[in-house]
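Below is one structure; the comments refer to it alone.
The values are calculated or read from the model by the stated rules, or taken from the named source; none is laboratory data. This is a predicted model, so every value here is computed, not measured. Neighbour counts run over all protein chains shown; Cβ positions are idealised from the backbone, glycine included. Accessible surface areas use protein heavy atoms only, side chains included; no ligands, DNA or RNA. Shrake-Rupley method; radii C 1.70, N 1.55, O 1.52, S 1.80 Å.
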Amino acid sequence: MSLLGIDLGATKIAFAIFGEDGSILSNETVLLEHSSGNKVGKLITDRITYLLSSSERLGSKISSIGISVPGINHDKTGTVWAPNIPGWNDYPLLKEVKSVSGDIPVTIDSDRACYILGELWQGNARGCRNAIFLSVGTGIGAGILINGEILRGSNDIAGAIGWMALNIPYDKKYKSCGCFEYNASGEGLAKVTREFLREQRHYAGELKNKPAGEITSYDIFSAYENNDPLAIKVINQSIIFWGMAIANIVSLFNPDKIIIGGGLFGPAKRFMPAIRKEAARWAQPISSKQVDIENSALSGDAGVFGAAYLALQKLNNLSQDKKNNV
């Protein structure tokens, strides 16, 4: 028996087949190449069809499928909202996948929920009942585990931490992604840098050598390494935002652990001591001393591990239901 985990991102899809013990039997990544709408759905279903067939031939039949989506999964309708994929405002992903999966159970959840589930299963949240995964990449989200259960909210939107208000006054630029995400995500670092470039007309550092619209977080981290004053200013401001957000999480939830991952933490791992120090300034003091703040153990694979764990949980629940009905 094996599990199929699928992690859908903004630019690529990770597919991995797992054993029940969390071992990866095979994995692959497929680029979306700016696909949208039904094309993305067909890409997923075509690959599932292939993997179901090939795994059976190899004697490792897939028994359950879990899917992580970058947005909101509406459990009651089986539809998903994924803002980075054009045409996925209310996309019938569950129906499409079930059309090729047959009797194999399929479970879908948000990427932020899958991140913390992956860490719970095979990462730094093992043994925790209260832990939070703060994902900082192109956007920002949080997977929240409370008393051993994922916190979802009344409409499956809990964890949209990018909208956390960390600055005043309100600015209309926050409308599309939220204050925290605007200032401290991968895209946010680039936005803030462009704003500073417009304000600092006498700046002559290396970030001035690239068209403002093409500046990425990679460029900013590279400039930081070269002691560029603008890059240092942007990163130091981000450290404050990351620290404030973590402090609010600590004070609200009193978790055992906060795990930080996503594409930016990567290069931002080096700032963890400064982020911890900043968080301690703002957080509830007793809770602040009780929490561990760590990097992800699974790095960019947390989502696909979490998707596979969804699949495993589904099998376990079905097995328990069967026992209860005997």
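Over the C-alpha atoms of the range 104-158, what are the Rg and the largest Cα-to-Cα span, Dmax, in Å?
Cα-based Rg and Dmax for the range 104-158 come out at 11.3, 33 Å.
Skipping prolines and chain starts, which residues have an amide H placed within reach, meaning under 5 Å, of the one on THR107, given they are 5 or more residues away or on another chain?
The answer is ILE65, GLY66, ILE67.
Put one equal scatterer on each alpha carbon of the chain, apply the Debye formula with no solvent term, and list log10 I(q)/I(0) at q = 0.07, 0.10 1/Å to two decimals.
-0.30, -0.60
Ignoring ligands, DNA and RNA, what accessible area per residue does the range 204-244 give at 1.4 Å, in Å²? Present the calculation step by step, with values, prior to reporting the outcome.
Working: 2010 Å² over 41 residues.
Spelled out: the 1.4 Å probe surface of the range 204-244, per residue, equals 49 Å².
Using just the alpha carbons, could you tell me how many Å³ per residue the convex hull of the range 1-139 encloses? Spell out each step's value before the answer.
On the way: hull volume 15.8 nm³, N = 139.
Spread over its residues, the Cα hull of the range 1-139 gives 114 Å³ apiece.
Given Cβ point charges of +1 (Lys, Arg) and -1 (Asp, Glu) and nothing else, what value in debye, to the nearest 20, does the dipole of the range 60-179 about its Cα centre take? Numbers along the way, then the final one.
On the way: 11 positive and 10 negative charges, 29 e Å.
Its charge dipole is roughly 140 debye.
Over the range 172-240, what is the relative contact order in percent, taking alpha-carbon pairs closer than 8 angstrom and at least six residues apart? Display every interim value, and only then the final one.
Working: 55 pairs, mean separation 22.1, N = 69.
Computed over the range 172-240, the figure is 32 percent.
Considering Cα pairs under 8 angstrom that are at least six residues apart, work out the relative contact order of the chain and quote it in whole percent. Intermediate values should be presented prior to the final figure.
Numbers: 627 pairs, mean separation 69.3, N = 326.
Reported as a whole number, the value is 21 percent.
Quantify, in whole percent, the carbon and sulfur part of the accessible surface of the chain (1.4 Å probe; protein heavy atoms only).
Details: 7930 of 15980 Å².
It is 50 percent, rounded to a whole number.
So if R0 is 30 Å, what FRET efficiency would ALA10 and LEU252 give, r being the distance between their Cβ atoms, rounded to the nearest 0.05?
Working: r = 28 Å, r/R0 = 0.93.
The pair ALA10/LEU252 has a calculated efficiency of 0.60.
Determine, at each q value in 0.12, 0.19, 0.20, 0.28 (inverse angstroms), the log₁₀ of I(q)/I(0) that the Debye formula gives when each Cα of the range 79-140 is one equal point scatterer.
Calculated log10 I(q)/I(0) at the listed q: -0.44, -0.89, -0.92, -1.09.
Just need log10 I(q)/I(0) for the range 91-210 at q = 0.11 Å⁻¹, Debye formula, equal scatterers on the alpha-carbon atoms, no solvent, rounded to two decimals.
Debye curve over Cα of the range 91-210, log10 I(q)/I(0) at q = 0.11 Å⁻¹: -0.56.
Which FRET efficiency, nearest 0.05, do ASN236 and GLN290 yield, Cβ-Cβ r, R0 35 Å?
Details: r = 27 Å, r/R0 = 0.78.
So, using R0 = 35 Å, E works out to roughly 0.80.
So if the hydrodynamic radius of the range 29-88 is defined as the Kirkwood radius over C-alpha pairs, what does Stokes-Einstein give as its diffusion coefficient at 25 °C and 0.890 mPa s, in µm² per second? Don't jump to the answer; show the numbers that get you there.
On the way: Rh = 13.2 Å.
The estimated diffusion coefficient comes to 186 µm²/s.
Give me D for the range 138-201 in µm² s⁻¹, whole number, from Stokes-Einstein with Rh from the Kirkwood sum over alpha-carbon pairs, 37 °C and 0.692 mPa s.
Values: Rh = 13.2 Å.
Answer from the Stokes-Einstein relation: 250 µm²/s.
Cα centroid distance between the range 82-152 and the range 21-80, in Å?
Centre-to-centre distance over Cα atoms comes out at 13 Å.
As a test, work out the antiparallel percent of DSSP beta bridges whose residues both lie in the range 1-104, rounded to the nearest 5.
75 percent
Can you compute the helix-only [θ] at 222 nm over the chain? Use -39500 (n - 2.57) per DSSP H run of at least 4 residues, normalise by all residues, nearest 500 deg cm²/dmol. Before the final figure, lay out each step's value.
Working: 10 runs with 136 residues, N = 326.
It lands at -13500 deg cm²/dmol.
Rounded if a/c is under 1.5, else prolate if a/b beats b/c, else oblate: with a ≥ b ≥ c from the C-alpha gyration tensor eigenvalues square-rooted, which is the range 237-305? Could the numbers behind the result be given before it?
Working: a/c = 2.32, a/b = 1.42, b/c = 1.63.
Oblate shape, in that a/c is at least 1.5 and b/c is the bigger or equal ratio.
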